[in-house]
Amino acid sequence: MPEQDVAESAPQVVSAFLEQRREQIAQRWADAPLFRWVFTVSRDEAVEACKLVVDALSEVAVSGRLEDVATAGFAPVRDQLGRMAQTRARAGSTPAQIAGEVAGLRGPVIELLRAEFTDPDTPHAQECVLALTLLMGTLRLVVMETALDANADLIERQRQQLLEVATPVIKLWEGTVAVPLIGTLDSARSQIVMESLLEAIVDQRARYAILDITGVPTVDSLVAQHLMKTVAAARLMGAECIVSGIRPAIAQTIVQLGIDLGSVLTRASLADALAYALSRQGIEVSRADAGASAR
Amino acid sequence: MMRPSGQAPATSLPIGSDADLAWVRQQVRQYAAQLGFGLVQQTKLVTAASELARNTLVHGGGGQAEITALDDGRSRGLRMRFTDQGPGIRDLELAMTDGYTTGGGLGLGLSGAKRLVHEFHVDTEPGRGTTVTAVAWVTQVPSSRPGAG
């Protein structure tokens, strides 16, 4: 019994208690909102998940690092806790609510610990309760930390997705493809633009490629350099590249900045660029009602 | 003249990544629009800011951008100051030459940015970092080539 073994330190007592009462604690936690709402399929699953968390806590307690969020004892359950927090977040819980739900696990386990002592008011018993309280507080921090890590991962994934989504290559006509560029053209994005454009040139056997920069707010020397490199690469693939959508303000800025786009074929609008590409391929577009006389 | 409403007279922004560059551009655009710069001048200012902020990042290893709204009683202006603690510029005259680059770019950053604004000043010393100050005024007719050559 814990209270007879006064020499044992509070964390040791807590660890032994968690190990011995593993089943009871897990049964109680399985009914707590955090576990019940995450493991909706079966209660046994929730109990098993609870047991893993109890084991981890016991491990941490025996190491004596009750307040160390980064301690190795939490490692086995980090994934599980992160998934639980994510599930709750997806269900609409705010971080504060999730933290509250983790805090809700403390009550039942403290109650069980106090029941272990014949007199729960002795200094030693109180020390043990305090140790367990600290441990549960650390668990809460671990859950929040894993949840935040998951968010950072999500943001990074979305950033990657945005890189790809934002650069579609459109087939305008047989042998003519276009890329409407939108937003900031940094090095990473222009690399992807170049790759997808070159691939499209091969796939579509395109002779003409149009880079439309209507949606690019700023054309500085780096963006211009990226454009020129893309144009040069397209040329090596046997396609003629046309840059369209240069707005008046950007045209003036490019000139004053000293960028020489003389080697690049440019047109004011995407329509002009398409008209150029069509006429170079000997395609004539005319109104149907104008008959053969239209030129 | 009054200060543009809802805009602090000066903002200091960190420059440490590509994302910071985008933020600097956005802030400069917002300042310029609120100060009454026309679309062409706005675009020039944003482009100059982009060049100078990238220099701070690439050559200076990161630093600070400071945007200040100016008012000399006759016209409004915008001052952009880019500070880094990097290696500095050894030969400023060479660095200001069109086409000279140490970073693999087009070599138009400093010289081009100078042409996009009205006042331009570089304060640098090898090993002591670099501070570039650029000022543009709203009403003044943009001199097409200040310091031609």
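A short reminder: the numbers here are calculations on the coordinates, not readings from a lab. Predicted model only: the values in this text are computed from it and were never measured. Note: ideal-geometry Cβ built from the backbone for every residue, glycine included; neighbour counts use all protein chains shown.
How large is ³J(HN,Hα) for each residue in the stretch A:259-266, as worked out from phi by the Karplus curve 6.51 cos²θ - 1.76 cosθ + 1.60 (θ = phi - 60°), to whole Hz, x for Gly and Pro?
With coefficients 6.51, -1.76 and 1.60, one gets 6, 9, 9, x, 7, 10, 6, 10 Hz.
In terms of modelled amide H atoms, which long-range or inter-chain residues lie less than 5 Å from the amide H of residue A:241?
Correct list: A:209.
Given a cut-off of under 8 Å on Cα pairs at least six residues apart, what relative contact order in percent is computed for chain A?
13
Is there a simple number for the mean count of other chain Cβ atoms within 10 Å of the Cβ of residues in A:220-229, and what is it?
Whole-number average of other-chain Cβ neighbours for A:220-229 is 5.
State the Cα centre-to-centre distance between the stretch A:90-159 and the stretch B:117-135 in whole Å.
53
Write down the Å³ per residue value for the convex hull defined by the alpha carbon atoms of the stretch A:113-178.
In the stretch A:113-178, the Cα hull volume divided by residue count equals 82 Å³.
Test of understanding: extend the Cα→C-beta vector of residue A:27 to 7 Å, then name every residue of the stretch A:50-70 with backbone N under 17 Å from that spot.
A:50-52, A:54
Report the relative contact order of the stretch A:144-284, percent, no decimals, based on alpha-carbon pairs under 8 angstrom and at least 6 residues apart.
It rounds to 21 percent for the stretch A:144-284.
How are the C-alpha pair distances of the stretch A:8-143 spread across 10 Å bins, as whole percents from the shortest bin up?
Taking every Cα pair in the stretch A:8-143, the percentages come to 13, 46, 32, 8, 1.
If you split all Cα-Cα distances of the stretch A:143-194 into 5 Å bins from zero, what percentages do you get per bin, shortest first?
That works out to 4, 17, 20, 16, 13, 10, 8, 5, 3, 2, 1, 0, in percent per bin.
Report ³J(HN,Hα) in whole Hz for each residue of the stretch A:126-141, in order, from the Karplus equation J = 6.51 cos²θ - 1.76 cosθ + 1.60 where θ = phi - 60°; Gly and Pro get x.
5, 4, 5, 4, 4, 4, 5, 4, 4, 4, 5, x, 5, 4, 4, 4
Give the order of B:43, A:71, A:218 when sorted by the count of other beta carbons within 10 angstrom, beginning with the fewest.
Ranked by crowding around the Cβ, least crowded first: A:71, A:218, B:43.
Per DSSP H run of n ≥ 4, the term is -39500 (n - 2.57); total these for chain A, divide by its residue number, and report the mean residue ellipticity at 222 nm rounded to 500 deg cm²/dmol.
The helix-only estimate for chain A comes to -20000 deg cm²/dmol at 222 nm.
Got the relative contact order for chain B handy, in percent, Cα pairs under 8 Å and 6 or more residues apart?
Value for chain B: 23 percent.
I need the trypsin sites (Lys or Arg not before Pro) found in the stretch A:154-240, filtered to DSSP loop residues with at most 14 other beta carbons within 10 Å of theirs.
A:205
Using the Cα atoms of the stretch B:11-137, I'd like the radius of gyration and the largest Cα-Cα distance, Dmax, both in angstrom.
13.7, 43
Quick one: which residues, 5 or more positions from residue A:172 or on another chain, have an amide H under 5 Å from its amide H? H modelled 1.01 Å from N in the peptide plane, none for Pro or chain starts.
Amide H neighbours of residue A:172: A:177, A:178.
Taking a virtual spin label 7 Å from the Cα of residue A:148 along the C-beta vector, which residues in the stretch A:63-90 bring their backbone nitrogen under 13 Å of it?
Output list for this probe position: A:69-70.
Out of all Cα-Cα pairs in the stretch A:67-212, roughly what percent, to the nearest whole number, are more than 26 Å apart?
Looking at the stretch A:67-212, the distances longer than 26 Å represent 54 percent of pairs.
Just rank B:72, A:31, A:289, fewest to most, by other beta-carbon atoms within 10 angstrom.
The order, fewest Cβ neighbours first, is A:289, B:72, A:31.
In the protein assembly as shown, if the dipole is taken from +1 on Lys/Arg beta carbons and -1 on Asp/Glu beta carbons about the Cα centre, which of A:135, B:68, A:266 is farthest to the positive end?
A:266
Can you put B:58, B:24, A:109, A:41 in order of Cβ neighbours within 10 angstrom, beginning with the fewest?
Least crowded to most crowded, the residues run A:41, B:58, A:109, B:24.
Between residue A:174 and residue A:96, what is the spin-label point distance in nm, taking each point 7 Å from the Cα along the Cα→C-beta axis?
Using points 7 Å along Cα→Cβ, the separation is 6.5 nm.
Per the helix-only calculation at 222 nm, which mean residue ellipticity applies to chain B, given -39500 (n - 2.57) for every DSSP H run of n ≥ 4 and division by its residues, nearest 500 deg cm²/dmol?
Theoretical 222 nm ellipticity from helices: -10500 deg cm²/dmol.
Give the residue from B:17, B:56, B:117 lying farthest towards the positive end of the charge dipole for chain B; charges sit on Cβ (+1 for Lys and Arg, -1 for Asp and Glu) and the dipole is referred to the Cα centre.
The listed residue farthest towards the positive side: B:117.
What is the ratio of the Cα radius of gyration of the protein assembly as shown to 2.2 N^0.38 Å, where N is its residue count, to two decimals?
1.44
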